[in-house]
Protein chains: 4
Amino acid sequence: MKLTAQEIESLIGEGVPMAGLIGFQVVNVTAEHTVTRIPFNDNWIRPGGTISGPVIMALADASMYAIILAALGKAEMAVTSNININFLRRPDPADLYGKATLLRLGKRLAFCEVNLFTGSDRELVAHATGSYALPGKGFGAEME
Amino acid sequence: MKLTAQEIESLIGEGVPMAGLIGFQVVNVTAEHTVTRIPFNDNWIRPGGTISGPVIMALADASMYAIILAALGKAEMAVTSNININFLRRPDPADLYGKATLLRLGKRLAFCEVNLFTGSDRELVAHATGSYALPGKGFGAEME
Amino acid sequence: MKLTAQEIESLIGEGVPMAGLIGFQVVNVTAEHTVTRIPFNDNWIRPGGTISGPVIMALADASMYAIILAALGKAEMAVTSNININFLRRPDPADLYGKATLLRLGKRLAFCEVNLFTGSDRELVAHATGSYALPGKGFGAEME
Amino acid sequence: MKLTAQEIESLIGEGVPMAGLIGFQVVNVTAEHTVTRIPFNDNWIRPGGTISGPVIMALADASMYAIILAALGKAEMAVTSNININFLRRPDPADLYGKATLLRLGKRLAFCEVNLFTGSDRELVAHATGSYALPGKGFGAEME
């Protein structure tokens, strides 16, 4: 990995204010995956007593960004191109984890998968896939 | 519509704290679509000077919820089943709008589309589709 | 447009044999959209008397390819990067149409939307979005 | 499992004619996953010498159907609700495999994941997720 968990957490916390706001943490970084976490907070509860969708989506996106930073180093200009999330179960009111893997690291696009689960039982609460456009010679072409 | 713009805004603001946090507003509700807005706020800027992905995703999700509430009335227990977002352009630092339409209102699932754009030029910055599981006799089966 | 409906139909029919196999036709090409069609054929019926999912997906993909060819000319090497389809209603046993629009034509990616409906009632049976990686200086980087 | 690999292959081959047409096979069925295959066939090649997108999508969809049949038995009326595919690499001209797992088997929806790869090198060529609406008391509500 080109960056430590702490370095990735700082980069994302500074770069994406909402991540900092919801307490985004990088728990572990290996060559195969990153594990990220949002500590439980009553503020994110929606009707029915469950963590609201936008918090789960924010963790999914930040988890993808974390594994791309781990693989590429300080690639701050990488931007999300597509994200798709299936919501599988109501999450318990507990810490929420995202375990991200790289499906494919290309020159122009990185494809990721994230399993999202709570610390209380490890059952999947959501599953996300997505792609990031990577900076490069041609960078900026797509998102300017 | 079964609810006014103001009633929908209040329901979502109370029910989904992150929506309140980012200043989510319901601008207009008609039989065909709802228009929602997040006022510009420096807090949501990410590297490159653009609105961060999680804010766009939160508006997309809240816009879908708004049009379902408009169509069904107080269906607080409807839950997102799937959401897919394509990020098309870097948004200007300006108010962000979401215009939602119902693709299909079934008995168990509602499918929605949201066009996301900034007030400064009306060009699409993102496009989302998704489905909500609707409450009903069998409700709870899926997400419990 | 850089190509006529007939030229696009021929390119896709030759280039993607399955499109030819299912009788893919390009009905109309304008600056705003392309309309494509698969004539009804008993072979595509699945249990329940409805057109099978793979046929709908094939038409969605070919419709996106058609509008990219219309915009860019003979870009045979453009390849699908992502496709997302929501199936909304059981299609009638009738001709299936795809109306494609370009959401965003970038330098490296083109984003498209396709409304799919049958000739019998024009109600949406499915809705697709997706992205194509476009050929260019860096082409081949992603999909090699 | 409620059905054997051979029974699942027959059900899908009869029920979804396009699956039969492309030579869809069920290779293996366990409690955790199903492995499916499309034998290599020159007909599916597109410009660039690679297996065309619609064939990959058809295998992804049929693989999801296979694992749902394995879990539920003869659930012919289950219908695809959503499918999302990321195309990661150009497939070699070789047999194409789909390894499907169930992310969540609910009462109304089943969520699946499919890894798609060729027999020649086992690298992922595509990754799909999707949901099927399941038959039940309320069945038909959604797709009629």
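Every number in this text was worked out from the coordinates using simple rules, so none of it is lab data. Just so we're clear, the structure is a prediction, and the values are computed from it rather than from any experiment. Reconstructed Cβ throughout: ideal geometry from the backbone, glycine too, with neighbour counts over all protein chains shown.
Structure above, values below:
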{"item": "Shortest-first nm distances, C:Lys107 label point to equivalent points in other copies (7 Å, Cα→Cβ)", "result": "1.4, 5.3, 5.4"}
{"item": "Helix-only [θ]222 nm of chain A, DSSP H runs n ≥ 4, -39500 (n - 2.57) each, per residue, nearest 500", "result": "-8000 deg cm²/dmol"}
{"item": "Karplus (6.51, -1.76, 1.60) ³J(HN,Hα), θ = phi - 60°, over region A:87-96, in Hz, Gly and Pro reported as x", "result": "9, 9, 8, 5, x, 5, x, 8, 3, 10"}
{"item": "Chain B: most fluctuating residue of B:Asn82, B:Asn28, B:Asn43 per GNM, C-alpha cutoff 10 Å", "result": "B:Asn43"}
{"item": "Chain D: most fluctuating residue of D:Val27, D:Val16, D:Val55 per GNM, C-alpha cutoff 10 Å", "result": "D:Val16"}
{"item": "Residue pairs, from the table D:Lys2/D:Lys107; B:Lys2/D:Lys107; B:Lys107/D:Lys2; A:Lys74/A:Lys107; B:Lys74/D:Lys107, whose Cα atoms sit over 20 Å apart", "result": "B:Lys2/D:Lys107; B:Lys107/D:Lys2; B:Lys74/D:Lys107"}
{"item": "Rotation relating D and A, chain A residue nearest the axis via C-beta, angstrom", "result": "A:Asn84, 2"}
{"item": "Peptide D:99-105 - average C-beta neighbours from other chains (10 Å radius)", "result": "3"}
{"item": "Label-point separation, B:Asp121 to C:Asp42 (7 Å along Cα→Cβ), nm", "result": "5.5 nm"}
{"item": "Mean separation of Cα contacts under 8 Å (6+ apart) over length of region B:61-128, as relative contact order %", "result": "33 percent"}
{"item": "Shape metrics for region A:1-62, restricted to C-alpha atoms - Rg then Dmax, Å", "result": "12.5, 41"}
{"item": "Whole-angstrom Cα spans of the protein assembly as shown along principal axes, big to small", "result": "55, 53, 46"}
{"item": "Enclosed volume per residue, in Å³, of the convex hull spanned by Cα atoms of region D:5-133", "result": "92 Å³"}
{"item": "Where labels lie 7 Å past Cα in the beta-carbon direction, separation of B:Glu14 and A:Glu14 in nm", "result": "4.2 nm"}
{"item": "Other-copy label distances relative to C:Glu14, 7 angstrom Cα-Cβ extension, nm", "result": "4.2, 5.5, 6.5"}
{"item": "Most mobile of C:Gly13, C:Gly73, C:Gly49 in a GNM of chain C (Cα contacts under 10 Å)", "result": "C:Gly49"}
{"item": "Degrees separating the helix C:53-72 axis from the principal Cα axis of chain C, which is the longest one", "result": "40 degrees"}
{"item": "Estimated distance in nm for a label pair at C:Glu32 and C:Leu105, the labels positioned 7 Å out from Cα along Cα-to-Cβ", "result": "1.6 nm"}
{"item": "7 Å along Cα→Cβ, label-point gaps from D:Pro135 to other copies, nm, shortest first", "result": "3.1, 4.7, 5.5"}
{"item": "Tilt relative to chain A, helix A:5-15 - C-alpha long axis, 0 to 90 degrees, to 10", "result": "90 degrees"}
{"item": "Whole-Å distance, taken between Cα centres, linking region D:9-83 and region B:17-64", "result": "39 Å"}
